[in-house]
């Protein structure tokens, strides 16, 4: 009994212990706050303050002195350029994340079956190491309309010319009043009718001697040949004597023929015969029925060379920039989806194969549903990213089509600093962009917290 009383009286009262515990907790919170304080100050200076300032600035005019209320927000939706920026941003949000997520999924599944999977992933992920500025410059050159500079148009022109051929004389033309009349479609025909037994000389100018096809020969001997009674003969030549001299409309000794020129014999508007000029520019039609004909040089002889596709024109500039964006971010989507793919339960896939399911059924009914959380995170992350895209649009789109390619981020910069000098309207655009991004960010954060639980 006495020992029990002594033990109870020797134990410390509960009050001091609770106070000490509270002091330790308070001290721990203060220490934690001191460690977090630099990050909070930085976050407030770089994020919170600019957001609050932009919201306040959006209610003032361009000078920042007069309060205009919601006028900037009303003007924002009346401005055609802003409406086009909203439309282009919507195109980006709908197309780019969906394409990237689909490409990333397909590549992640295929890479699993490749022997050198790591090297393949590295190659696809390498564009992520390139800055948007450098990528924009690269694709600005790749999309150049000049086939000698733009690699895409060089490929397109090569394929086109391989199937349709190329005109050898795009600059050639006939001299006025020298036996040839130009038609509306760009072709030339003889001014007077001819008949079998006749020989004609068709002179053209506008071709540099250095641009003549290889193997071109003098047309002088061909011009002196006589036509048989049942044939129509002639020569197509360059009516220009190197070094000067010579007589216009007459084949001189040093004047070259124009080889590989298509020539047609036409009667009553219908093409009766077709031939091609020889190395000396000569041609002939045999077995023609008696009567009057016209000799025609079709417009295909003078067609301008195919210049390729105007990738950065008003119609294609936005898809072209999205293509550059896909090149950069496909590796990112593939790696993230591939990481999710590696965590899938293999027993479910093997069980499906044993039950007779083919690879397409496994992909559609097992792989995709199990990857749905990863796919949604990738998709939402890319949606947030494309809403803020600026560098590629500003660098790749040329000045004349900048307005056709503009998105909200570029429009905000152009209105505020790129000549508009209206920070009030620019701040309103920034607030609109923030309101569009926040829901996607909240969705992503909630999805992440659920996955952690």
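Just so it is clear, none of the values below were taken in a lab; they were calculated from the coordinates. These numbers come from a predicted model, not from an experiment. Using ideal geometry, Cβ is built from the backbone for each residue, glycine included, and neighbour counts are taken over all protein chains shown.
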inquiry  = Within the range 395-431, name every residue whose backbone N is under 20 Å away from a label modeled 7 Å from Cα of residue 65 along the Cβ vector.
reply    = 420-427
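Give, in nm to one decimal, the length gained when the segment between residue 43 and residue 55 is fully stretched (0.36 nm per residue of separation minus the Cα-Cα distance).
Numbers: separation 12, 0.36 × 12 = 4.32 nm, distance 1.72 nm.
Using 0.36 nm per residue and subtracting the Cα-Cα distance, I get 2.6 nm.
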ask   = Once you sort the root eigenvalues of the Cα gyration tensor of the range 297-362 as a ≥ b ≥ c, which label holds: rounded (a/c under 1.5), prolate (a/b larger than b/c) or oblate (the other case)?
value = oblate
query = Based solely on its DSSP helices, what 222 nm [θ] is calculated for the chain when runs of n ≥ 4 H residues each add -39,500 (n - 2.57) and the sum is averaged over all residues, nearest 500 deg cm²/dmol?
reply = -16000 deg cm²/dmol
query = Which distance in nm do the two modelled labels at residue 210 and residue 353 give, with both placed 7 Å along the Cα-to-Cβ direction?
reply = 6.5 nm
request  = Would you calculate the separation in nanometres between label points at residue 115 and residue 327, each defined as 7 Å from the Cα along the Cα-to-beta-carbon direction?
outcome  = 3.0 nm
request  = Give the angle, between 0 and 90 degrees and rounded to the nearest 10, that separates the Cα long axis of helix 14-43 from the longest principal axis of the Cα atoms of the chain.
outcome  = 20 degrees
The range 173-302 - Debye-derived log10 I(q)/I(0), Cα point model, q = 0.12 Å⁻¹ = -0.40
note = Rounded to the nearest 10, the angle in degrees between the Cα long axis of helix 317-342 and the longest principal axis of the Cα atoms of the chain comes to 50 degrees
message = Just to verify a number: FRET efficiency for residue 154 and residue 360, C-beta to C-beta distance, R0 = 35 Å, to 0.05?
response = 0.40
query = Once you sort the root eigenvalues of the Cα gyration tensor of the range 40-198 as a ≥ b ≥ c, which label holds: rounded (a/c under 1.5), prolate (a/b larger than b/c) or oblate (the other case)?
reply = oblate
Rough spin-label spacing in nm, given labels placed 7 Å along Cα→Cβ, for residue 221 and residue 445 = 8.9 nm
ask   = For the pair residue 166 and residue 231, what calculated FRET efficiency results from E = 1/(1 + (r/R0)^6), where r is the Cβ-Cβ distance and R0 = 35 Å, to the nearest 0.05?
value = 0.70
message = What whole-number distance in Å separates the alpha-carbon centres of the range 151-210 and the range 404-453?
response = 56 Å
request  = For the range 12-57, just say rounded, prolate or oblate: build the C-alpha gyration tensor, square-root its eigenvalues into a ≥ b ≥ c, call rounded for a/c under 1.5, and beyond that prolate if a/b exceeds b/c, oblate if not.
outcome  = prolate
request  = Determine, for each peptide in 306-317, 359-370, 424-435, the mean count of other beta carbons within 10 angstrom over its residues, then list the peptides with the highest first.
outcome  = 424-435, 306-317, 359-370
message = Can you report the principal axis dimensions of the range 279-326 using only the alpha carbons, biggest first, rounded to whole angstrom?
response = 66, 25, 14
request  = Have a look at the chain and give its Rg and Dmax from the Cα atoms, expressed in angstrom.
outcome  = 38.1, 152
